Amino acid sequence: MNGKSFFVDLSKCTACRGCQVSCKQWKKLPAEKTVNTGSHQNPADLSFNTLKVVRFSERVDKGKVRWFFLPDQCRHCVEPPCKMASSVEGSILHDQATGAVVFTPLTAQEDFEIIRGACPYDIPRQDPVTKVMSKCDMCIDRVRAGMLPACVKTCPTGAMNFGDRDEMLKLAQKSLAGVKKKWPKAQLVNADDVRVIFLAVEEPEFYAKTLMAQASEQMRFATRRDLLAQLLRPVRSMTSV
Amino acid sequence: MTNHWIDFQNSDCILIMGSNPAENHPICWKWVTKAQERGSTVVHVDPRFTRTSAKADMHFMLRSGSDIAVLGGMINYILSNDLIFKDYVVNYTNASFLVSGKFGFKDGLFAGYDAQKRAYDKSNWAFEVDADGVPKKDPTLQDPRCVYQLLKKHYARYDLKKVAGISGMPKDDLVKLYKAYAATGKRDKAGTILYAMGWTQHTVGVQNIRAMCMIQLLLGNIGIAGGGVNALRGESNVQGSTDQGLLFHILPGYLPTPASALNSLAVYNEKNTPVSKDPKSANWWQNRPKYMASFLKSMWEETEPEQSYSWLPKIDPGGSGAYSWLALFDKMSKGQFKGFFAWGMNPACSGANANKTRKALANLDWMVNVNLFENETGWFWQGPDMDPKTIKTEVFFLPCAASIEKEGSITNSGRWMQWRYAGPSPYGESKPDGDIIAHLFKEIQALYKKEKGVLSEPILKATWNKTNKHGEFDPHATAKLINGAFLKDVTIGDKVYKKGEQVPSFAMLQADGSTTSGNWLYAGSYTDKNKAALRDTKQTSEQAAIGLFPNWSWCWPVNRRILYNRASCDPTGKPWNQAKAVVSWNAADKKWIGDVPDGPWAPEAKYPFIMTKEGFGQIFGPGLNDGPFPEYYEPLECPVSGHPFSKQLHNPTAIAFEGEDKAVCDPRYPFVCSTYRVTEHWQTGVLTRWLPWLIEAEPQMFCEISPELAKLRGIANGDKVTVSSLRGSLWAVAIVTPRLKPFKVQGQTLHQVGIPWHFGWIHPKDGGDSANLLSPSVGDPNTGIPETKAFMVNVRKA
């Protein structure tokens, strides 16, 4: 057993946002008060109450419009930097059976800037009042009961998949081979290092700056540079397949 | 749909035009994706670049309302390059039929136009018949009066230059589109069309679809796996509601609503039952009298059909111009009726020209509003520009159960009748619609019993108990009544059917009143078991090859999953494409295998298009109100003063109302506007605007505009803008996006904008109001559907 993984085939994602809504439904998370900001992406970003957000990105390439959709969420890193950066015992758990990375209410005692800064995908968010941090927990309650994560269960097109890591890696390779015929630049993003493996049909940054961990990424917080540089070593070595 | 959702996977080219399925039918995208994985080309033609375009292999932009130019150009391309599937066209379509010498076409008008009545005398569009009364044919397709030659002549005018000039779609794109789609005119290739309101909601709505039907016939794409003409219905059960006659012009099962002139059942039957003199034409509608009698017996079991026919409401001449939605609200605005049921609908937002509708509601004495939540219709008197003190309308709001709170069936776009069970109990005092109707009827019947009244018999004698169990509405009893039963012992062939037995299929229905069937198309759905509830994936290898799943739910008619499937074979019964055979003739056993065939006869015995009088697919369609061939006309509001195909600017038979101006080349309203939907909301949003997670994702009225138009008007992304038309104005948030582009039309730069129709003033308070405040009350002459996909507006910074 090598734990669980998601495989997200972005060539099949239509941004229907079924995953975004089903996540809130399963987690009983309240809706945010939003306004239209000139984009269909809403809420505009992840938050303490929005653990999954579909990012919309428009590009014009040689006069042709392209529209990229990214259902963004915690990647459940194989070696989670957030956990390495944590200083409170029990605030961030790494489930052995699934590989899920789970935040507990003890995250309220962590330094949020350190935890968020440690994440190469900029995922963790904090409740401004309780200071508790949140992010996707792989629907570990569902997974332990033999069910699929809510987002995967909802996905109508087959973009979101979930299962044993070995199987997901196999599926990812197989899908990549198929997609490459149409999109030669297609790639699996940081596949060796994360448990949410995205298949991007173009450069990952076309979807969002944070789709792929950047080896050259500058630290957000210079004062903690040394600490984080050390913590982030595994992330920096991440490469795309 | 002629086909069904799963069948998309079998297509070699999926043309998506007039719809946006990735957004509005998200589940179906699974099958589009599957087709793509199998090598299919997905082509999206739309005025905007949408989530569908993002997933399509090709995307081409056309100006909203110019579809017939583009499709006429495709017909011209297919014919000029001889890309038709000739065996199919000659054997199965009316291309070889000779048209009467009275038919003609001149400068945008077909023969028989009466300018006073704004209508055609369709007798000018008949076929020539021989001494036996059978249409004359020329299988060589050479006769200048044959449909093929008339078609060729009609569309020769639709050359690339003219089509590009009026549609704004560049010539290169047109050729790419035509080439990709015409490639399906081979015996082993299938092309399908997925359309929705983007085609129907025009003053040429029906003709948009007709044009595509003709292309499908020319390419041999009807009746085959991965082919067909597929309407993506906008509501989960809108197919079911149409089947059950929820429109003014039809009774359940597409039986015409009786006209007032037809004063007896015999006369009705004579008028509405087609007669074919060709023994090879199944002419299925010759059975209409059986279906009508069985329908009448389902309504009034104790009464002879001839008598109960006289109780049916009749309609006066005028068709959709007098009875459809637009006409209804026009009459309401003139105070021509006093009471109104707004049931599961929100006309204050959903109908074109919403200001007119909202004002009309104030002319009513009473309104019964059945819905889930507070809505702009039931609460119209509190709305913008309304003074509650001066409004007399008394509104009764009846809260109803949501779909998951009640049992029953829905029929999806693929004609699958699917049984659903109740989940949670209805909330609070809300009730399922069936219960509300049952209670209402009981009360009305009691009042008639007590107080008598004019024409009380139909109310008093209705066989209402057949929809009930222990006096309460019962969906199973109702489904059984819709299926139908024998009212006495009936012998058919060598089999005796006992009184009280459910009819096994519509083939057993009788014209003499010995059977009931609430809807002949659903005969066979609920017999000894409720077939809509079947959930068995078992299928034969032939069925599995194309994913027919005949044991999963039930499909009308007689569980036939692909209509006109006999046309998927050559005239000897051998499939055109063996790998994706729908049916095939087993000569040894003398029977068809695969799908349920369109009739059991041997291949040569009957023509495949059994629902047409002659048995042939209709390339020449003599039945519509605006012509036997689709012709190009501009929307009733448009940015040009002429078009290259004729001097007739608009559809001469379109529905319009006196005294309502239209913006034609009006400098005050220079931009083409279209309304549409987003994934996150449903219809007017009367349900979804109250769901926090959905309103979070699409919170406010927006207007999508191109960067070029934004620059012209000094609008930045996210700015509030005012969108206005001759009929009203509203605010919206500007989404400035390269997904919209200006069009080059007749050498001019034309801008198009788009707005969603999901919002309304009642909730959320900062959400905006209905897009239909802007749309005009003009409509298609056949269906009466309003033209909300192309009208003229102005956009400026608020």
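The values are calculated or read from the model by the stated rules, or taken from the named source; none is laboratory data. Since the model is a prediction, treat every value here as computed from it, not as a measurement. All Cβ positions, glycine included, derive from the backbone under ideal geometry; neighbour counts span all protein chains shown. The accessibility values were calculated without ligands, DNA or RNA, using every heavy atom of the protein model including side chains. Shrake-Rupley method; radii C 1.70, N 1.55, O 1.52, S 1.80 Å.
Taking the condition of being in a loop (DSSP other than H, G, I, E, B) and more than 12 Å from B:G101 (Cα to Cα), how many residues in region B:119-140 meet it?
10
A:G99 is checked against (1) in contact (Cβ under 8 Å) with a residue 60 or more places away in the chain; (2) out of contact with any Lys or Arg (no Cβ under 6 Å at 6 or more places or on another chain) and fails just one. What number does that condition carry?
All conditions pass for A:G99, except number (2).
What are the residues in region B:746-764 that are surrounded by fewer than 20 Cβ atoms within 10 Å (Cβ to Cβ), touching a residue at least 60 places away in the same chain (Cβ under 8 Å) and either within 19 Å of B:F49 (Cα to Cα) or within 14 Å of another protein chain (Cβ to nearest Cβ) (or both), if any?
B:L750, B:H763, B:P764
Would you confirm whether or not region B:705-719 contains a residue that is in contact with a Phe, Trp or Tyr (Cβ under 8 Å, 6 or more places away or on another chain) and either open to solvent by 10 Å² or more (accessible area, probe 1.4 Å) or within 13 Å of another protein chain (Cβ to nearest Cβ) (or both)?
No, that holds for no residue.
Select from region A:27-36 the residues that are open to solvent by 60 Å² or more (accessible area, probe 1.4 Å) and closer than 11 Å to B:P699 by Cα and write down the one among them that is farthest from the other protein chains (Cβ to nearest Cβ).
Selected residue: A:K33.
If we only count helices (runs of 4 or more DSSP H) wholly inside region B:259-353, which ones have 3 or more residues that are within 30 Å of B:G767 (Cα to Cα)?
B:325-333, B:347-350
So which residues in region B:447-501 are farther than 24 Å from B:W554 by Cα and among the aliphatic types (A, V, I, L, M)?
Once the filter is applied, which keeps residues that are farther than 24 Å from B:W554 by Cα and among the aliphatic types (A, V, I, L, M), region B:447-501 yields B:L447, B:V454, B:L455, B:I459, B:L460, B:A462, B:L487, B:V490, B:I492, B:V496.
Which one of these is over 25 Å from A:E79 (Cα atoms) and open to solvent by less than 30 Å² (accessible area, probe 1.4 Å): A:P149, A:P124, A:P120, A:P156?
Answer to the check: A:P156.
Of these, A:S22, A:S39, A:S87, A:S11, which one is open to solvent by 50 Å² or more (accessible area, probe 1.4 Å), small (G, A, S) and outside any strand (DSSP E or B)?
Checking each option against the conditions leaves just A:S87.
If we scan region A:188-196, do we find a residue that is away from chain B (no Cβ under 13 Å), under 23 Å from B:P26 (Cβ atoms) and either more than 17 Å from the chain's Cα centre (by Cα) or not basic (K, R) (or both)?
Within region A:188-196, one or more residues are away from chain B (no Cβ under 13 Å), under 23 Å from B:P26 (Cβ atoms) and either more than 17 Å from the chain's Cα centre (by Cα) or not basic (K, R) (or both).
Looking only at region B:683-704, filter to residues that are among the aromatic types (F, W, Y) and out of contact with any strand residue (DSSP E or B) (no Cβ under 8 Å at 6 or more places or on another chain); which one of those is nearest to the other protein chains (Cβ to nearest Cβ)?
My answer is B:W693.
Are any residues in region B:109-118 part of a loop (DSSP other than H, G, I, E, B) and of a type in the set (A, V, I, L, M), and if so, which ones? Quick ask: steps written out before the conclusion?
Restricting attention to region B:109-118, the residues satisfying the condition of being part of a loop (DSSP other than H, G, I, E, B) are B:111-112, B:115-118.
B:A111, B:A115 - these are the residues of region B:109-118 that are part of a loop (DSSP other than H, G, I, E, B) and of a type in the set (A, V, I, L, M).
Out of curiosity, is B:D57 among the acidic types (D, E), away from chain A (no Cβ under 14 Å) and open to solvent by 30 Å² or more (accessible area, probe 1.4 Å)?
no
Any residue in region A:59-81 that is charged (D, E, K, R), more than 14 Å from chain B (Cβ to nearest Cβ), open to solvent by 20 Å² or more (accessible area, probe 1.4 Å) and closer than 23 Å to A:D193 by Cα?
Among the residues of region A:59-81, at least one is charged (D, E, K, R), more than 14 Å from chain B (Cβ to nearest Cβ), open to solvent by 20 Å² or more (accessible area, probe 1.4 Å) and closer than 23 Å to A:D193 by Cα, which makes the answer yes.
Which residues, counting only those in region B:238-283, are under 28 Å from B:A605 (Cα atoms) and open to solvent by less than 50 Å² (accessible area, probe 1.4 Å)?
The initial filter retains those residues of region B:238-283 that are under 28 Å from B:A605 (Cα atoms), namely B:253-255, B:269-283.
Residues satisfying the conditions are B:G253, B:L255, B:N269, B:N272, B:T273, B:P274, B:S276, B:D278, B:S281, B:A282, B:N283.
Please verify whether A:V21 is among the β-branched types (V, I, T), in contact (Cβ under 8 Å) with a residue 40 or more places away in the chain, facing another protein chain (nearest Cβ under 7 Å) and within 20 Å of B:P26 (Cβ to Cβ), treating the condition exactly as stated.
Spelling it out, A:V21 is indeed among the β-branched types (V, I, T), in contact (Cβ under 8 Å) with a residue 40 or more places away in the chain, facing another protein chain (nearest Cβ under 7 Å) and within 20 Å of B:P26 (Cβ to Cβ).
Please find, among B:I68, B:I6, the residue that is away from chain A (no Cβ under 14 Å) and either within 20 Å of B:Y155 (Cα to Cα) or surrounded by fewer than 24 Cβ atoms within 10 Å (Cβ to Cβ) (or both). Before the answer, list the steps.
Working: B:I6 fails: away from chain A (no Cβ under 14 Å).
Result of the check over B:I68, B:I6: B:I68.
Read through the list (1) surrounded by 14 or more Cβ atoms within 10 Å (Cβ to Cβ); (2) closer than 30 Å to B:N468 by Cβ; (3) in contact with a strand residue (DSSP E or B) (Cβ under 9 Å, 6 or more places away or on another chain), then give the number of the only condition that B:A402 fails.
With (1) surrounded by 14 or more Cβ atoms within 10 Å (Cβ to Cβ); (2) closer than 30 Å to B:N468 by Cβ; (3) in contact with a strand residue (DSSP E or B) (Cβ under 9 Å, 6 or more places away or on another chain) applied to B:A402, the lone miss is (3).
Regarding B:L194, is this residue modelled with pLDDT of 95 or more, open to solvent by less than 20 Å² (accessible area, probe 1.4 Å) and touching a strand residue (DSSP E or B) at 6+ places or on another chain (Cβ under 9 Å)?
Considered against the rule, which asks whether it is modelled with pLDDT of 95 or more, open to solvent by less than 20 Å² (accessible area, probe 1.4 Å) and touching a strand residue (DSSP E or B) at 6+ places or on another chain (Cβ under 9 Å), B:L194 comes out as yes.
Can you name the residue in region A:42-55 that is aliphatic (A, V, I, L, M) and more than 9 Å from every other protein chain (Cβ to nearest Cβ) and, of all such residues, is surrounded by the fewest Cβ atoms within 10 Å (Cβ to Cβ)?
The residue in question is A:A44.
Does B:V32 satisfy the criteria of being touching a helix residue (DSSP H, G or I) at 6+ places or on another chain (Cβ under 6 Å), open to solvent by less than 10 Å² (accessible area, probe 1.4 Å) and within 13 Å of another protein chain (Cβ to nearest Cβ)?
Judged against the criteria, B:V32 is a match.
In region B:477-487, how many residues are touching a residue at least 24 places away in the same chain (Cβ under 8 Å) and under 16 Å from B:G500 (Cβ atoms)?
Of the residues in region B:477-487, 7 are touching a residue at least 24 places away in the same chain (Cβ under 8 Å) and under 16 Å from B:G500 (Cβ atoms).
Any residue at all in region B:663-674 that is open to solvent by 40 Å² or more (accessible area, probe 1.4 Å), within 30 Å of B:T749 (Cα to Cα), of a type in the set (A, V, I, L, M) and away from chain A (no Cβ under 14 Å)?
There is at least one residue in region B:663-674 that is open to solvent by 40 Å² or more (accessible area, probe 1.4 Å), within 30 Å of B:T749 (Cα to Cα), of a type in the set (A, V, I, L, M) and away from chain A (no Cβ under 14 Å).
Given the criteria open to solvent by 20 Å² or more (accessible area, probe 1.4 Å), under 30 Å from B:V640 (Cβ atoms), of a type in the set (G, A, S) and more than 12 Å from chain A (Cβ to nearest Cβ), does B:S729 qualify?
Yes; evaluated as a whole, the condition is true for this residue.
Of everything in region B:129-184 that's among the acidic types (D, E) and surrounded by fewer than 16 Cβ atoms within 10 Å (Cβ to Cβ), which residue is farthest from B:M214 (Cα to Cα)?
My answer is B:D132.
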